[in-house]
């Protein structure tokens, strides 16, 4: 092997070693960044998206409260008959069966308690001085049904109508968005756009370039209702009343997005 060939071979070996070393260094740097994003400079920005939308579902509950003596089977029949009549009325107003749900059925005994003279301290106590235990004198049955109404023109009539048809308590009238997906997507897109604009402004003010996107986190804020959409307290009704005027108002869907970027 001539001296010239040896020199070429040595140069080729040196070049190969340098290429291998550079490739290894590049791989290690890339892997370290992907595995440990905190090992390099980064910053994060947040943006909030807000969409105002009109609720499309009104929800409320009604209850049938039946109170009487010890004949429990009779009380149950009375309660069930009134509840079924109210449910039938709701269905006749074109409320789908899937939007009617029994949420509770409770039977509670009512007791009579005796006010015994506790000053008698004779032991063992004579049978005549023993205080009798509480005695069941009757029962109270409460059946609660949840209803969703999608035709707002019928909400007031249905709320008033269930009372005329057996219910004696109406509560929890609220307005909600049945499918929030569309509103959330719009709010999310707005939040991301605002976060990106904020990141550009910070990079320009700080004199650096924005690198790759490292993370994205999303948070929700409570839904704010306007108008009557906030709900109402429980109202016990003993007789028919005029149908209330129902206004669903509007709600805000808010989403906060936080973006994390690499600083170049």
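By the beta-carbon count within 10 Å of each Cβ, the least crowded to most crowded order of 178, 99, fewest first, is 178, 99. With R₀ set to 51 Å, the beta-carbon distance separating residue 50 from residue 91 gives a calculated FRET efficiency near 0.85.
For residue 179 and residue 150, the difference between the fully extended length at 0.36 nm per residue and the C-alpha to C-alpha distance is 9.2 nm.
For residue 200 and residue 171, a Förster radius of 51 Å and the Cβ-Cβ distance give a FRET efficiency of 0.50, rounded to the nearest 0.05.
A simple spin-label model places pseudo-atoms 7 Å from Cα toward Cβ; at residue 78 and residue 217 they are separated by 5.9 nm.
Values in this text are rule-based calculations from the coordinates and carry no lab data. As the structure is a computational prediction, the values presented were derived from the model and not from experiment. Note that each Cβ is placed from the backbone with ideal geometry, even for glycine, and that neighbours are counted across all protein chains shown.
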